[in-house]
Amino acid sequence: MRTQVAIIGAGPAGLLLGQLLHKAGIDNIIVERQSGDYVLGRIRAGILEQVTIDLVDEAGLGQRMHAEGLVHGGIELLFKGERHRIDLNGFTGGKNVMVYGQTELTRDLMEARAAADLQTVYSASQVAVHDFDSSQPRVTFEKDGQVHEIRCDFIAGCDGFHGVCRASVPEGAITEYEKVYPFGWLGLLSDTPPVSEELIYANTPRGFALCSQRSLTRSRYYLQVPLTDKVEAWSDDAFWAELSLRLDDEARERLVTGPSLEKSIAPLRSFVTEPLRFGRMFLAGDAGHIVPPTGAKGLNLAASDVKYLSTAFIEFYRERSEAGIDHYSQRCLSRIWKAERFSWWFTSLMHRFPETGEFGQKIQEAELDYLVGSAAASTALAENYVGLPIKA
Ligand code: FAS
Ligand code: PHB
């Protein structure tokens, strides 16, 4: 097989890149190791920044997102038994976020790709990348008992944290930065109405909790749990009982419980790869970086990487310019590190860290009191939460 860009991974990064390249007339093939249903079954992000919304519109796929997505102009912080609203819209001169599940965005991207009859290989095994430091990179994979080869101009590594692309880079050519947090997020999805109009981030003596949503009838909740916890040990009743203990009276009264549609524990880590370009192979999305989900940045960073990478490929094919390709890594990393900082800061502020002792706890409470009482501090939170502007 021959294509211009071989994309590894059919998550949001790979699918969005494929759609943008297709719209620009650039041929691409996506190779995905799981089935399409498996990819759709993963419950992940829920919040879209304006940069992501604009990119989905640029891809021509914003119709359902705008029809079903919920525009949110604020979030609430709950600590010491009191809720404090952060007016995202007011502190950022009118910016909002949108509640629209990653699953729905992935579905929209998959359906558009199938409708355009673009080549996507699902359930591929033994995927490998070759000669990406030459002008003739290749991808090989097995499917239906046969080995296949794709000759291409470029490889886009959109294969997530556990993918093959970053793992194929020679050790001396890459630097990895990592911080692992001493807890995980136990997430539950249910067809029950949200406890509040906006998201509630709670810092309580029992640990962090997040009340999020997917629609007016579907809720997404998270609890900070020890890394040693197993999801099998958490019955739905145990989850609802623990969540209830981490809410204030109003939310506790409004809480509607129901059977879980999905329940999982995700570890939290901060991770960045430098650089993101290796000859003719480029990393985008979780393949190149991971953030703790507290700041709702993971999916949105994947989108901004794809914005830069699609622009660079379009520039190369239309103008035979390599400027965008040469600057891809630096442009992405500047935005990535700011999102890493915000996600680390918000995680450090909202979770319990017993190892920091009573002094650490008092400092955390003082920072929360300062944050909700200072327009400057609340503005800093708001402008990072809605997403920093994307620089050309
Ligand atoms: P993805 O991991 O989504 O996609 C990579 C794709 O590559 C996958 O389909 C995988 O099967 C495929 N792949 C892997 N190896 C391959 C190989 N060798 N060959 C071919 N294909 C291969 N972000 C938020 O903003 N908010 C959240 O609440 C949130 N919760 C999360 C919970 C969990 C458990 C995880 C893991 C992540 C969460 N994230 C969250 C982050 C998440 O949304 C990612 O940022 C987003 O999926 C990034 O998209 P991609 O870069 O496309 O990576
Ligand atoms: C979600 O709805 O999954 C979600 C929302 C906000 C976050 C993290 C996850 O910060």
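A short reminder: the numbers here are calculations on the coordinates, not readings from a lab. The structure displayed is predicted, hence computed values, not measured ones. Positions of Cβ are generated from backbone atoms using ideal geometry, with glycine treated the same way; all protein chains shown enter the neighbour counts.
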- In a solvent-free Debye calculation with one equal scatterer on each Cα, what is log10 I(q)/I(0) for the range 63-213 at q = 0.10, 0.13 Å⁻¹, listed in the order of the q values? -0.66, -0.96
- Item | For the range 314-392, average projected area of the Cα convex hull in nm² | 7.1
- Note on the structure: Mean projected area (nm²) from the convex hull of Cα positions in the range 26-124 is 8.7
- Message: Stokes-Einstein diffusion coefficient for the range 268-314 at 10 °C in a medium of 1.306 mPa s, Rh from the Kirkwood formula over Cα pairs: what value in µm²/s?
- Response: 142
- What's the FRET efficiency of Arg64 with Ser321 using the Cβ-Cβ distance as r and R₀ = 22 Å, to the nearest 0.05? 0.05
- Message: How large is the direction-averaged shadow of the alpha-carbon convex hull of the range 72-149, in nm²?
- Response: 11.2
- Message: I need the Kirkwood Rh of the chain: take the reciprocal of the average 1/r across all distinct C-alpha pairs and report it in angstrom.
- Response: 21.8
- The alpha-carbon center of the range 349-366 and that of the range 102-128 are separated, in whole Å, by 44
- Once Lys and Arg are counted +1 and Asp and Glu -1 for all other residues with Cβ under 9 Å from that of Tyr177, the total becomes -3
- Over the chain, calculate the relative contact order: mean separation of alpha carbon pairs under 8 Å at least 6 apart, over the residue count, as a percent. 20
- Message: Only Cα pairs within less than 10 Å get springs; with that Gaussian network setup on the chain, which residue of Val164, Val147, Val127 has the largest fluctuation?
- Response: Val147
- When Lys and Arg each count +1 and Asp and Glu each count -1, what net charge do the other residues less than 14 Å away from Leu20, Cβ to Cβ, add up to? -3
- Message: I'd like the distance separating the alpha-carbon centroids of the range 145-162 and the range 81-98, in whole Å.
- Response: 41
- Here Rg/Rh (Cα, Kirkwood) for the range 164-320 equals 1.09
- In the neighborhood of Asp57, defined by Cβ-to-Cβ distances under 14 Å, what is the net charge if each Lys or Arg adds +1 and each Asp or Glu adds -1? -1
